[in-house]
Amino acid sequence: MIRELRIKNIALIKELSLQFEEGFSVFTGETGAGKSILIGSIGLLLGERASTEIIRSGSTEAEVSGVFEFSAISPSTESVLDEMGISAEDMQIIIRRTISQNGRNRVFINQNPVPLSSLKRLGNHLIDLHGQHEHQSLMSEPQHIAFVDKLPGVGQIKQDYQHCYTLFVSAKEELQSAKENAKKLLEKKELLEFQFSELSKLKLQPGEESELENELSLLTSSAERISCVSEIGDLLNSGDSALKRLSQIRKKLDTLCKFDSAAQPWISDIENMISVCGDLEMFCDSYLSKTSQANPARIEFINSRLAKIQKLKKKYFCSLEELIEKRDNIANDLSQIENISFEEERLQEKLKQAEAVCKSAGEKLRHKRLEKVAGFDNGITSKMEKLGFTGGEWKTELQPLEKPGPDGLDYIRFTVKTNAGEEFLPLCKCASGGEISRLMLAIKSILSEQDEIPVLIFDEIDTGIGGVVAVEVANALYALSKTHQIFCISHLHQIASIADNHYVVNKTLHEQRTHTVVRKLSDKEKVAEISRMLGDDSEISKQHALELLKKKSKV
């Protein structure tokens, strides 16, 4: 519900703050007092277009803000808020919009700046505004299907259909992607084959490059290594060798230990050194027996292979491992090319099956819609008779689509004849603002339990009606206010007298400027205002007004 509305510097309104309650609220006042300004300001909160002409003369900026409170947030509203990254803290949404003389619009939702398009999307879930305004869901044919799908029993079947439709779209996108990919692969098939041949010829192996470089390093250093090992062997064995000297030192230590045990620890260390020298000697002998002079042919082969690997790395700007990965990927692409026709056939069959399932679900949805639409049309027609459309009739058309769509296999639109003897015409071509408001009242009355939009505003709903029809409209509005917050601009006492909350709109002159003011009436003031609406302020009119207000409590 709308809890609070603030308006600043819009047309004749300098500054206005209104607090609203649940139930049915009516706005009355003389023609030209500014009731349309009030509705237009609410329209700004819903994302309607704004002109700088609405800014009060002498002001540089206009502003309107509203506080919306929820007992529960509908899934559709929550989804829109989630997409905008906004949470309804304390179950409230605060919308603020400013319009500047330079044409700049600024929109804030819970202090978060958002584009006007986002405000319009959110507004579609908060308020239905009916009258001479652009924010009318009933006037938009693409939205008619949403009304039908709120009928009892239709919603679940539509969810089942939409699941099938999602799979159908996914299969279609998968096939399209495969076709596009196949086209790209075919266009570069010759290049792929050349690259695969070039990369395959070398028979590259993971880690091969480092292994070759290590081998090459050993081969090119064989002479130096043989010379070095030979010299180590000579130092160990030839002439006055290290091993011979260590043995002599060992004997001397044995003699010393006979006289002084302090030399004993050195014997173990010398024995270890003798052992190390012996092992080293064996290593040198073995190394020399295995090592031969480098094979020039092998060195040439390794240099050649490394050069080829390096050339490919530079050509493809990647490492050896990435070259191997590229080769394998190309092999996979070439395999896909060979299997293009088979893969497309498989995906075509998958799409065919998904479409069949989707159409079957769509037929079930159409059957349920047709089943429910019959009662819906009869209900609206019956309501129309009471709401001033004598001889009028309502008919919902379901036109088949060539292909499944996100909402099913049907294009749905409402047609109506507002008087007996006329032809059925599309709703948007045959109804005035007041008639549209009464027709929406009929629809909302039938869908009151299923409708998720919490606030309904009716402007000009009483145009061209009176008497018994006005009473029927008033009763329908009051009944609907049990499930929605209702706002209505009216000139009829029948409607004003049944409202829970009554606001009067007047123009006043202050400091040589005209101002529109709005105030909520007390019970006593309601009597005076309804008396005015009856035509005079005589005691008879006041008594009649009092009787009308008493009847309201019995509704």
Legend entry - region 35-183: relative contact order in percent, alpha carbon pairs under 8 Å with at least 6 residues between: 21 percent
Inset, instruction - With Cα Rg over 2.2 N^0.38 Å defined as stated, name the option among (1) 1.05; (2) 1.87; (3) 1.39 computed from the structure displayed. - result: (2)
Legend entry - D_trans [Stokes-Einstein, Kirkwood Rh over alpha-carbon pairs] for region 1-79, 10 °C, 1.306 mPa s, µm² s⁻¹: 113 µm²/s
Legend entry - R0 of 35 Å, Cβ-Cβ distance GLN543-ASN506: FRET efficiency to nearest 0.05: 0.90
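What's the extension gain from PHE342 to LYS311 if we count 0.36 nm per residue and subtract their Cα-Cα distance?
7.4 nm
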Inset, instruction - Please list the equivalent ellipsoid semi-axes of region 295-440, computed as the square roots of five times the alpha-carbon gyration tensor eigenvalues, in descending order and whole angstrom. - result: 74, 18, 10
Inset, instruction - Quick one: which residues, 5+ away or cross-chain, put their amide H under 5 Å from the amide H of LEU401? H built at 1.01 Å from N. - result: ASP410, TYR411
Inset, instruction - Using R₀ = 56 Å, calculate the FRET efficiency as 1/(1 + (r/R₀)^6) where r is the Cβ-Cβ separation of SER217 and LYS350; round to 0.05. - result: 0.50
Inset, instruction - For ASP160, tell me the accessible area in Å² from a 1.4 Å probe, rounded to the nearest 10. - result: 80 Å²
Legend entry - Length gained when the stretch LEU401-ALA262 is fully extended (0.36 nm per residue, less Cα-Cα span): 39.0 nm
Legend entry - Per-residue ³J(HN,Hα) for region 261-278, Karplus 6.51 cos²θ - 1.76 cosθ + 1.60, θ = phi - 60°, Hz, x for Gly and Pro: 5, 5, 7, 4, x, 6, 4, 5, 5, 5, 4, 4, 5, 4, 5, 4, 4, x
Inset, instruction - Taking 7 Å along the Cα-to-C-beta vector as the label spot, tell me the CYS318-GLU15 distance in nanometres, rounded to one decimal. - result: 7.0 nm
Inset, instruction - Provide the FRET efficiency to the nearest 0.05 for the THR166-SER59 pair, computing r from the beta carbons and using R0 = 35 Å. - result: 0.10
Legend entry - Euclidean distance of C-alpha centroids, region 497-545 and region 442-464, integer Å: 25 Å
Inset, instruction - Can you tell me how much longer the chain between SER177 and SER230 gets when fully stretched, taken as 0.36 nm per residue apart minus their C-alpha distance, in nm with one decimal? - result: 12.1 nm
Inset, instruction - Mind jotting down a quarter of the surface of the convex hull over the alpha carbons of region 470-555, in square nanometres, one decimal? - result: 6.4 nm²
Inset, instruction - Counting only trypsin sites (Lys or Arg not before Pro) that are in a DSSP loop and have at most 11 other C-beta atoms within 10 Å, tell me the longest site-free stretch of the chain. - result: 204-481
Inset, instruction - Take the cross-link list LYS150/LYS386; LYS14/LYS120; LYS372/LYS395; LYS150/LYS403; LYS158/LYS350; LYS184/LYS313 and give me the ones stretching past 18 Å between alpha-carbons. - result: LYS150/LYS386; LYS14/LYS120; LYS150/LYS403; LYS158/LYS350; LYS184/LYS313
Legend entry - Equivalent ellipsoid semi-axes - Cα gyration tensor, region 43-105, angstrom: 29, 12, 9
Inset, instruction - Using only the alpha carbons, work out the radius of gyration and Dmax of region 131-248 in angstrom. - result: 40.5, 122
Inset, instruction - Mind pulling the angle between the C-alpha long axis of helix 296-316 and the longest principal axis of the chain? Nearest 10 degrees, somewhere in 0 to 90. - result: 10 degrees
Inset, instruction - Whole number in Å², please: accessible area per residue of region 403-555, 1.4 Å probe, ligands, DNA and RNA not counted. - result: 45 Å²
Inset, instruction - Over the chain, calculate the relative contact order: mean separation of alpha carbon pairs under 8 Å at least 6 apart, over the residue count, as a percent. - result: 22 percent
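If you rank TYR503, TYR287 by how much accessible surface each has, with a 1.4 Å probe, what is the order from largest down?
Of TYR503, TYR287, the descending order of accessible area is TYR287, TYR503.
The values are calculated or read from the model by the stated rules, or taken from the named source; none is laboratory data. Predicted, not measured: the structure shown is a model, and the values here were computed from it. In this analysis, Cβ positions are derived from the backbone assuming ideal geometry, glycine residues included, and neighbour counts consider all displayed protein chains. Accessible surface areas use protein heavy atoms only, side chains included; no ligands, DNA or RNA. Shrake-Rupley method; radii C 1.70, N 1.55, O 1.52, S 1.80 Å.
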